[in-house]
Structure formats: structure tokens, C-alpha cells
Amino acid sequence: MNTNGHEPIKKVSIIVSRGSLDGVYPALIMANGARMEGIEATLFFTFFGLDAIIDKRMDNIKVATVGNPGMHLPTLLGIIPGMSAFATSKMKKEMEKLDIPPVREFITMIHDAGCDIYACKASVDMFHLKKNDFCKEVDDIIPVGQFYEKSAGAEILFT
Amino acid sequence: MTTVATETKTLERDADGHIKNISDWNEQIANALALEEGIPVLTERHWAVINFMRKEFQEKGDAPSIRRLTKESGVETKELYALFPKGPAKKAAKIAGLPKPKGCI
């Protein structure tokens, strides 16, 4: 690893706070990439980011076509029914070409790679969720204090 | 082992320590490269991954992603990380005499 003389990164803690496709994937790619480089990784899902680990929702993560200037789509077109589903399916096809797996498969792969996966207790309580609402890869539901404990020595990334 | 270890020192390497000429590679060199990566013995399971990587590289021109390894090599993610600790795709590519995989996944 070429680190230009700097100490290499040893550990990352990645917070996922958004539940859109573009909110979820960067964090998953970074967590997986960290493990591929031998860097310890922890994923902490909070607020709408929880959708990526909720068993009934994780297969329906969609790209936002409204309020998303990066889509280069006029807002009035973005609101057309089916537009988000269409954009999502197009994007998923492109991702498949790059070997980027669907959310569920990706979460399994990352967890099998040794990345710990946690849900934020405050958000879980706020949305009235329980441990069995989540996919089996979720290690625990933890409060923010414990997140910081587990992040000792890590670079914390908020996405 | 000493002679092989000496032999790997004379091999041309890139900045990441991967050997430059695929044609320099053979099984003995793979063993020596594995030792450098802290893997004392290459088992049959290691070889399943190494051989899959070399095949993919020959067919596609790039070493496979961790996802393709997981899905198609017959060795699952957990085992991949157990066989090649701290970065299976990168380490297996190095031992297989291939350049570092370019993909992000």
C-alpha cells in the first residue's frame, strides 16, 4: 500500500443515515473496500439508513428522482409515477456490470468479510422496530455511546 | 526454500510488490510469494482460488472482484478471508503472479 509515508488507516466506522440507493451504496462500497484492504470496518445504520438492513425493505432501495440535482431530471418529470423505479432499474443494471451486488447480497458479503453491522437504538425506538425486523447480519442494536466505544481508534465517516 | 526465496528477490516487481511478468510465475514462486504474505503453506483451497484467478485473468484481462470470487470460485467470502487474511482479492492476485485487481468491489 503506498501511503506516502503516512501511517496506513487501520480501522473505519461508517455511519449510514440515508435510505436512498445513492445514500446507501457509497457506504457499502467503502466498508467492503476497507475489508478488501485489510482495514477493520464497522457499519452503523441510523435514521432512514435503517431501510438498508430492514428485512422487508432492503430489496426495495430506490434512487430519488425528486430533489436530486445529480439526476439531471426536471422535478416535474421526477414526480411521474414509476420514474424512480425506472431510474433505479437502469442504475442497478449498470451496477451489476461493475459487479456491484444488490443490497441484501452486499450486506451478507460485507458481514462475511468480518465487518460488524449495527443499528442505532434511538432510530430503532423512534420507528418502533425490533431486532427481528432486521436482516440476520445485524449484530446488535446499540446506543450512540456504545458506537463511539466500538469506534475507538477508527476514522469515523458519516454518509 | 532458501533458493526459491532468493529467486523471488530477483523478480521484477511493481510498486505494490506484484511480479511484473506473468511468465516469471510458477508454483514454487507462488509458495515463496505466499510466505511473504504470511501464508506458510498453500492448501488445496488456496490453489482453488489462485487457479480461478489466473483463469479469469487470462480470459478477461483483469483479476476478478471479491464478488466474482465469492460467487464463482467455489470458495465463500468467510473462507476467502480465512485463507487470505487482510485482503483476499489483493493477496491471492499477488500470489497468483497477477497485478493488483483494478475493480472497487
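The values are calculated or read from the model by the stated rules, or taken from the named source; none is laboratory data. Fair warning: this is a prediction, and the values are worked out from it, not measured in the lab. For neighbour counting, all protein chains shown are included, and Cβ atoms are generated from backbone atoms with ideal geometry for every residue, glycine included. To get the accessible areas, we keep the full protein, side chains included, count just its heavy atoms, and leave off ligands, DNA and RNA. Shrake-Rupley method; radii C 1.70, N 1.55, O 1.52, S 1.80 Å.
The table that follows gives values for the structure above.
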{"item": "Single unsatisfied condition, B:Asp62 versus (1) open to solvent by 60 Å² or more (accessible area, probe 1.4 Å); (2) among the acidic types (Asp, Glu); (3) assigned to a loop (DSSP other than H, G, I, E, B)", "result": "(1)"}
{"item": "Residue ranges of helices (runs of 4 or more DSSP H) in region A:1-109 with at least 3 members open to solvent by less than 20 Å² (accessible area, probe 1.4 Å)", "result": "A:21-36"}
{"item": "Qualifying residues in region A:110-140 (those that are hydrophobic (A, V, I, L, M, F, W, C), open to solvent by 40 Å² or more (accessible area, probe 1.4 Å) and outside any loop (DSSP other than H, G, I, E, B)) - the one nearest to A:Ile39 (Cα to Cα)", "result": "A:Ala122"}
{"item": "Which listed residue, of B:Glu79, B:Glu56, is more than 17 Å from A:Ala113 (Cβ to Cβ) and either without any contact (Cβ under 8 Å) to a residue 24 or more places away in the chain or within 11 Å of another protein chain (Cβ to nearest Cβ) (or both)", "result": "B:Glu56"}
{"item": "Of the criteria (1) part of a loop (DSSP other than H, G, I, E, B); (2) without any contact (Cβ under 8 Å) to a residue 40 or more places away in the chain; (3) away from chain A (no Cβ under 14 Å), which one B:Leu42 fails", "result": "(2)"}
{"item": "Extreme residue, farthest from the other protein chains (Cβ to nearest Cβ), among residues of region B:82-99 that are open to solvent by 10 Å² or more (accessible area, probe 1.4 Å) and either over 17 Å from B:Thr8 (Cβ atoms) or free of Cβ contacts under 8 Å to residues at least 40 places away in the same chain (or both)", "result": "B:Leu83"}
